[in-house]
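Contents: one structure, followed by commentary.
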Amino acid sequence: MTAGRPEPVDRQLPSDEARELLALTRDLVDREVRPRSAEDEAAARFPREVFRTLGRAGLLSLPYGEEYGGGDQPYEVYLQVLEELANGWLAVGLGVSVHTLSCHALAGFGSEEQKRRWLPGMLGGEQLGAYCLSEPQSGSDAASLRTRADLDGEQYVVSGTKAWITHGGRADFYSTMARTGDEGACGISCLLVPAGSEGLSAAPPERKMGMWSSPTAQMHFDGVRVDRERLVGSEGQGFQIALAALDSGRLGIAACAIGVAQAALDLAVEYAGTRQQFGRPIADFQGLSFLLADMATQIEAGRALYLAAARRRDAGRAFTKEAAMAKLFCTDTAMRVATDAVQVLGGSGYTRDYPAERFMREAKVLQIVEGTNQIQRLVIGRHLTGR
């Protein structure tokens with residue numbers, strides 16, 4: 001079944017430019033993204049050309065400055081664009097979020113010379129980035145990473161393995177956290193590693209429950225030589241850079257989660273309005289209409305939460321706790337709503353004839369990536385207790 005496009009989400013946007021941007025996004029999603037999502041997911045095809053299309057429309061650079069080729073949009077607007085993309089296809093929405101995350105280190109901590117040299121290419125629409133922090137033995141405990149970058153003259157020699165890398169083997173650049181000093185968080189630095197570097201290779205993509213069109217792979221660094229000028233920030237600043245990027249990235253995951261949840265709700269509402277049992281649409285039955293009401297309420301609450309955190313970020317206020325709350329609530333909401341959508345569709349929801357089962361599989365990963373929801377609770381708890 002291919003569901004018709006429901007009415008757009010009623011959004012409060014800060015400007016006419018933002019309204020035009022959201023209208024452009026919905027048009028691109030309807031023409032270029034949603035129609036191919038089911039077939040490409042089933043075939044595990046990576047939609048590289050879709051990212052180029054979005055890039056040429058300016059959607060890969062929205063939260064960064066115009067002087068470097070960015071869209072100069074507030075996070076409040078960027079995240080709602082991201083939600084619309086994820087509503088059409090999570091592989092695309094999440095891919096844009098990861099690309100934005102990958103640009104964050106250079107945009108936020110690079111020197112003016114570095115930004116003017118490399119950032120326009122990263123934001124220009126033709127390049128796609130990847131973010132390399134996690135390792136096979138270093139996930140939630142990111143400060144224990146083992147990949148090393150040892151200085152040899154004017155180059156770092158990088159050796160180690162990064163894990164769970166979105167766009168692994170398909171990206172054009174890798175924002176990479178590696179150990180340049182002693183153990184612990186203070187010994188980590190950030191390097192901008194170009195794809196095609198000798199000694200850099202990707203393992204076969206992971207065989208995942210969902211998100212089949214989004215390649216996730218280990219990246220092997222076998223004596224990769226990286227020019228010293230590609231050090232972002234100072235030596236030992238990498239962990240600070242990584243955490244700052246993740247605060248913003250978690251808002252991206254929250255927006256993607258609400259996009260998936262909204263798609264699942266739209267499907268469930270349409271199905272409930274057309275499926276007849278006992279001589280009337282199943283939406284007329286109170287048990288089911290209450291379920292739909294709860295789904296819609298959770299989505300609205302999640303959207304309000306991630307937008308509140310985004311507005312704090314745009315105002316220059318601390319938002320680490322709020323980003324963790326948004327990521328936690330929105331991704332748990334996506335899982336609940338997607339599961340309930342399968343229930344609304346009944347047996348049909350358990351088949352691949354409808355996208356409900358795909359939404360459910362996709363929602364699960366959002367509770368894991370960029371800090372599991374258990375880590376989000378840890379972050380929130382520490383902020384509450386001042387520990």
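Can you pull the one-decimal nm distance between simple spin-label points at residue 52 and residue 126, each 7 Å off the Cα toward Cβ?
Here the answer is 1.0 nm between the modelled labels.
Evaluate region 286-366: find the radius of gyration of its Cα atoms, find its Kirkwood radius, and give the ratio Rg to Rh. Write out the running numbers ahead of the final one.
Numbers: Rg = 15.1 Å, Rh = 13.8 Å.
Result: Rg/Rh = 1.10.
Using amide H atoms built 1.01 Å from N in the peptide plane, name the residues 5+ places from residue 164, or on other chains, whose amide H lies under 5 Å from its own.
217, 218
Rounded to the nearest whole Å², what accessible area per residue is found for region 196-344 with the 1.4 Å probe? Please list the in-between numbers first.
Numbers: 6310 Å² over 149 residues.
Each residue of region 196-344 exposes 42 Å² on average to a 1.4 Å probe.
Give the whole-number value, in cubic angstrom per residue, of the convex hull volume spanned by the C-alpha atoms of region 192-249.
Values: hull volume 7.4 nm³, N = 58.
Cα-based convex hull of region 192-249, divided per residue, equals 127 Å³.
Cα to Cα, under 12 Å, and not fewer than 8 places away if on the same chain: which aspartates and glutamates meet these conditions relative to residue 162?
135, 222
On full extension of the chain, what length is gained from residue 300 through residue 350, given 0.36 nm per residue of separation minus the C-alpha to C-alpha distance? All intermediate terms of the calculation are to be shown ahead of the outcome.
On the way: separation 50, 0.36 × 50 = 18.00 nm, distance 2.59 nm.
Separation in residues times 0.36 nm, less the Cα-Cα distance, equals 15.4 nm.
Can you work out ³J(HN,Hα) from phi for every residue in region 280-290, in order, using Karplus 6.51 cos²θ - 1.76 cosθ + 1.60 and θ = phi - 60°, giving whole Hz and x for Gly and Pro?
Residue by residue, region 280-290 yields 8, x, 5, 5, 6, 7, 4, x, 7, 5, 5 Hz.
State, as an integer percentage, the relative contact order of the chain based on alpha-carbon contacts under 8 Å between residues 6 or more apart.
Working: 721 pairs, mean separation 61.5, N = 387.
Computed value for the chain: 16 percent relative contact order.
Hey, rough spin-label estimate for residue 286 and residue 308, points 7 angstrom out along Cα→Cβ, what's it come to in nanometres?
About 3.2 nm, to one decimal.
Is the shape of region 231-296 best called rounded, prolate or oblate, per the rule: a/c under 1.5 gives rounded, else a/b larger than b/c gives prolate, else oblate, with a ≥ b ≥ c the square roots of the Cα gyration tensor eigenvalues?
Values: a/c = 9.02, a/b = 4.97, b/c = 1.82.
In terms of gyration-tensor shape, prolate.
With θ taken as phi - 60° and the coefficients 6.51, -1.76 and 1.60, list the Karplus ³J(HN,Hα) couplings across region 138-144 in order, rounded to whole Hz; mark glycine and proline as x.
Whole-Hz 3J(HN,Hα) from phi for region 138-144: 9, x, 4, 8, 5, 5, 9.
For the pair residue 278/residue 7, report the inter-label distance in nm, with labels modelled 7 Å from Cα in the Cβ direction.
Calculated label separation equals 2.8 nm.
For region 3-103, what Kirkwood radius comes out of the mean inverse Cα-Cα distance, in Å? Kindly include the intermediate steps, with their values, before the conclusion.
Values: mean 1/r = 0.0719 Å⁻¹.
Over region 3-103, the inverse of the mean reciprocal pair distance is 13.9 Å.
If the chain between residue 229 and residue 150 were fully stretched, how many nm would it gain, using 0.36 nm times the residue separation less the Cα-Cα distance?
Length difference between fully extended and current span is 27.0 nm.
Grab the beta carbon distance between residue 209 and residue 143, set R0 = 30 Å, and tell me the FRET efficiency rounded to 0.05. Show your work: numbers first, answer last.
Working: r = 28 Å, r/R0 = 0.94.
Once the sixth-power term is evaluated, E becomes 0.60.
Calculate how large, on average over all directions, the projected area of the Cα convex hull of region 341-385 is; give the answer in nm² to one decimal.
4.0
May I ask for log10 I(q)/I(0) of region 80-231 at q = 0.11, 0.14, 0.15, 0.18 Å⁻¹, from a Debye sum over the Cα atoms as equal point scatterers with solvent left out?
-0.42, -0.68, -0.78, -1.11
Short version: ³J(HN,Hα) in whole Hz for each residue of region 171-176, in order, from phi by Karplus 6.51 cos²θ - 1.76 cosθ + 1.60 (θ = phi - 60°), x for Gly and Pro, what are they?
With the stated coefficients, region 171-176 comes to 7, 9, 8, 10, 7, 10 Hz.
Dividing the alpha-carbon Rg of the chain by 2.2 N^0.38 Å yields what? Don't skip to the answer; put the middle values down first.
Numbers: Rg = 20.9 Å, N = 387, 2.2 N^0.38 = 21.2 Å.
Relative to the rule-of-thumb radius for its length, the chain sits at 0.99.
The values are calculated or read from the model by the stated rules, or taken from the named source; none is laboratory data. Keep in mind that this is a model prediction, so the values were computed, not measured. Here the Cβ is made from the backbone with ideal geometry for all residues, glycine too, and neighbour counts use every protein chain on show. Ligands, DNA and RNA are excluded from the accessible area calculation, which covers all protein heavy atoms including side chains. Shrake-Rupley method; radii C 1.70, N 1.55, O 1.52, S 1.80 Å.
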